[in-house]
Amino acid sequence: MSKTATLEFDGKKYEFPVTVGTEDEIGVDIKKLRGEAGIITLDPGFKNTGSCESAITFLDGEKGILRYRGYAIEDLAEKADFLEVAYLLIFGELPNKQQLEKFTNDIKEQSHVDEEMKKILDGFPKSAHPMGVLSSLTSALIAFNPSSVDVSSEDDMYKAIVKILGKFPVLAAWTLRKKNSLPLNYGDEDLGYVENLHKMMFEKPNKTYNVDKAVIDALDKLLILHADHEQNCSTSTVRMVGSSHAGLFASLSAGISALWGPLHGGANQAVIEMLEGIKEDGGDTHKFMQKAKDKEDPFRLMGFGHRVYKNFDPRAKIIKKSADEVLGQLGVEDPVLDIAKGLEKEALEDDYFVKRKLYPNVDFYSGIIYRALGIPVDMFTVMFALGRLPGWIAQWREMRLRKEPIGRPRQIYIGENHRDFKPLGSR
Ligand code: ACO
């Protein structure tokens, strides 16, 4: 027997169907609430609102579980590479050898952008934040690839997907090269996706390009850990913009802007700035723990706490291990890593943090690795965007294939009631 939920309002009872997910998550389907009862639900920030049914990512914040298409994040980070994970997220299954080869080659075929795009990049000042530049360039790509995607054609959809997966790393790398006054370049067909990205970012015009494998492995893992996180702010933005049938690139450009904010992808930058600040202050972690707990003090321990994870963030565990490994392999000694570990140890034993279920999140250690890899602080969120790209694409594709309606929330109006118009002279 299917379940229903009953709502009582103004002396009348209304029944609503209940949807149960494959992991037993329960949602009350209130589509008919307004039509039947004349009322709406109010949930600013969508803290308790399911915006869609999705088969892409499952997370359980209480148990610290994150899975892409049913596969544990721990397994994927350890055993798969970024393009395999991208294929899995977008198409639903891990690729076999031929599928992966074709996917990889098709992306390589698209790993260049129109030369005219350089003129657009040229117009930005060097001081421009890379996220703003990246969002603009992604939007500008539409002008050079104007044919819209026929979503009823799998072939059309596939072509748009490999196109953006090929071109996005070029644009991301160019934002960094512009900042560093380096000549714009293209990648190397013979390299893997992540190594190629690294080469495009860091190759010097007067030096043979060489990179430690540990760097590429660490970067690959970071991209996988960021690849999707169900209906977060930027992903919801991509789905919302796409729901008006705006194209894939336009939807992605909006997602990049949403990710930019310090409450979302921008937090990784805030963590490293906080750790640096503690170091410069003398490295007394206890002092900053006290500040974080003091309600009169606006200081918060950046990289701690999460809206959804109330046990631990599984990505943080993997990243912490990876930070240790990559810094060890590269022989980098970073005093902020010791500060981070000190803070974590204190926080995990502190009543305030334990009671409020505040654990390190994915951003607590990612900045330390990015820094060890030579990535400038204001490029951290660009790295996040590179990782999140397959997730955004998968969510956009799912939304279009499921023929979801245009996103259009309602509101409760709290403004003035009807007023008579006053002519300018009598105001
Ligand atoms: N340091 C100190 N106290 C904290 C922290 C923190 N980092 N985070 C939460 N608290 C406290 C709050 O003061 C509050 O205390 P109270 O109950 O005594 O009032 C309690 O814990 C609950 O905090 P909320 O802000 O209500 O929790 P919410 O789920 O709304 O916020 C958030 C989650 C925004 C991540 C928050 O924990 C925070 O600001 N963390 C630091 C910023 C950060 O690391 N953001 C990255 C998130 S991961 C990502 O976006 C990829």
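The values are calculated or read from the model by the stated rules, or taken from the named source; none is laboratory data. Here the structure is a predicted model, which is why all the values come from computation and not from measurement. Virtual Cβ from ideal backbone geometry, glycine too; neighbours counted across all protein chains shown. Quick note on the areas: whole protein, heavy atoms, side chains included, nothing else; ligands and nucleic acids left out. Shrake-Rupley method; radii C 1.70, N 1.55, O 1.52, S 1.80 Å.
Where Lys and Arg each count +1 and Asp and Glu each count -1, what net charge lies around residue 187 among other residues with Cβ under 13 Å from its Cβ?
On the way: positive: 108, 167, 177, 199; negative: 109, 188, 189, 190, 195, 203.
Local charge sum for residue 187: -2.
Just the number, please: Stokes-Einstein D of the stretch 374-420 in µm²/s, Kirkwood Rh from C-alpha pairs, 10 °C, 1.306 mPa s.
Numbers: Rh = 15.0 Å.
D, rounded to a whole number, is 106 µm²/s.
Which whole-number percent of Cα pairs in the stretch 80-120 have a distance greater than 13 Å?
On the way: 482 of 820 pairs.
Considering the stretch 80-120, 59 percent of its Cα-Cα pairs are separated by more than 13 Å.
Arranged from highest to lowest average of other beta-carbon atoms within 10 Å per residue, in what order do the peptides 239-246, 289-296 appear?
Numbers: 239-246: 18.9, 289-296: 13.2.
Result, highest mean first: 239-246, 289-296.
Over every pair of different alpha-carbon atoms in the chain, take the mean of 1/r and invert it; report that Kirkwood radius in Å.
On the way: mean 1/r = 0.0424 Å⁻¹.
Across the chain, the inverse of the average 1/r is 23.6 Å.
What fraction of the Cα pairs in the stretch 220-359, stated in percent, has a spacing above 27 angstrom?
Details: 3102 of 9730 pairs.
The proportion of pairs with Cα distances above 27 Å equals 32 percent.
Mind checking which aspartates and glutamates have their Cα closer than 20 Å to the Cα of residue 207? Skip sequence neighbours fewer than 8 apart in that chain.
188, 189, 190, 195
Quick check: convex hull of the Cα atoms in the stretch 322-412, volume per residue, rounded to a whole Å³?
So the per-residue hull volume is 185 Å³.
Could you give the accessible area per residue of the chain, probe 1.4 Å, as a whole number in Å²? Numbers along the way, then the final one.
On the way: 22320 Å² over 427 residues.
With all protein chains present, the chain gives 52 Å² per residue.
Take the Cα atoms of the stretch 100-241, find their three principal axes, and give me the spread along each one in whole Å, biggest first.
Principal-axis extents of the Cα atoms in the stretch 100-241, largest first: 48, 35, 30 Å.
Could you point to the residue in 86, 20, 76 farthest towards the positive end of the stretch 1-102's charge dipole, with +1 and -1 charges on the Cβ of Lys/Arg and Asp/Glu respectively?
Value computed over the given set: 20.
Excluding same-chain residues fewer than 8 positions from residue 178, which lysines have a Cα within less than 17 Å of its Cα?
118, 119, 126, 167, 199, 204
Binning at 5 angstrom from zero up to the longest distance, how are the C-alpha pair distances of the stretch 1-119 distributed in percent?
Reading the bins upward from 0: 2, 8, 13, 13, 12, 11, 10, 10, 8, 7, 4, 2, 1, 0.
Lys and Arg at +1, Asp and Glu at -1: add these up for the other residues within a Cβ distance under 12 Å of residue 81 and post the number. Please list the in-between numbers first.
Values: positive: 79, 221; negative: 78, 84, 195, 217, 220.
Residues close to residue 81 contribute a combined charge of -3.
Any idea how far the Cα center of the stretch 175-225 sits from the one of the stretch 330-400, in Å?
For the stretch 175-225 versus the stretch 330-400, the Cα centre distance is 21 Å.
Could you list log10 I(q)/I(0) for the stretch 262-322 at q = 0.14 Å⁻¹, which the Debye formula gives when each Cα is one point scatterer?
Those come out to -0.48, one per q.
Give the average over all directions of the projected area of the C-alpha convex hull of the stretch 101-181, one decimal, in nm². Could you put the intermediate results ahead of the total?
Values: hull surface 22.8 nm².
Across all orientations, the stretch 101-181 yields a mean hull projection of 5.7 nm².
From the P(r) of the stretch 33-100, can you give the percent of Cα pairs sitting at distances over 14 Å?
Working: 1587 of 2278 pairs.
So the pairs more than 14 Å apart make up 70 percent of the total in the stretch 33-100.
Tally up the carbon and sulfur contribution to the accessible surface of the chain as a whole percent, 1.4 Å probe, everything protein left in place. Let's see the in-between values first.
On the way: 11300 of 22320 Å².
Using a 1.4 Å probe with all protein chains present, the chain comes out at 51 percent carbon and sulfur.
With label points built 7 Å along Cα→Cβ from the Cα atoms of residue 152 and residue 209, find their separation and express it in nm.
Taking the simple label geometry, residue 152 and residue 209 are separated by 4.3 nm.
Per-residue counts of other Cβ atoms within 10 Å, averaged by peptide: what ranking do you get for 408-421, 109-122, highest first? It would help to have the intermediate numbers written out before the result.
Values: 408-421: 6.4, 109-122: 14.9.
Peptide ranking by packing, descending: 109-122, 408-421.
Can you give me the Kirkwood hydrodynamic radius for the stretch 145-214, using every pair of distinct Cα atoms, in Å to one decimal? Provide the component values of the computation, followed by the final result.
Working: mean 1/r = 0.0727 Å⁻¹.
Over the stretch 145-214, the inverse of the mean reciprocal pair distance is 13.8 Å.
Which of these, 227, 372, 37, has the largest mean-square fluctuation under a Gaussian network model of the chain (Cα springs below 10 Å)?
37
Take the residue pairs 47/291; 63/317; 63/403; 159/403; 293/341 and return only those whose Cα atoms are more than 24 Å apart.
Working: 47/291 28 Å; 63/317 14 Å; 63/403 32 Å; 159/403 20 Å; 293/341 18 Å.
Distance filter (> 24 Å) returns 47/291; 63/403.
Can you grab the distance from the C-alpha centre of the stretch 294-319 to the C-alpha centre of the stretch 155-169, Å, no decimals?
The two parts, judged by their Cα centres, are 35 Å apart.
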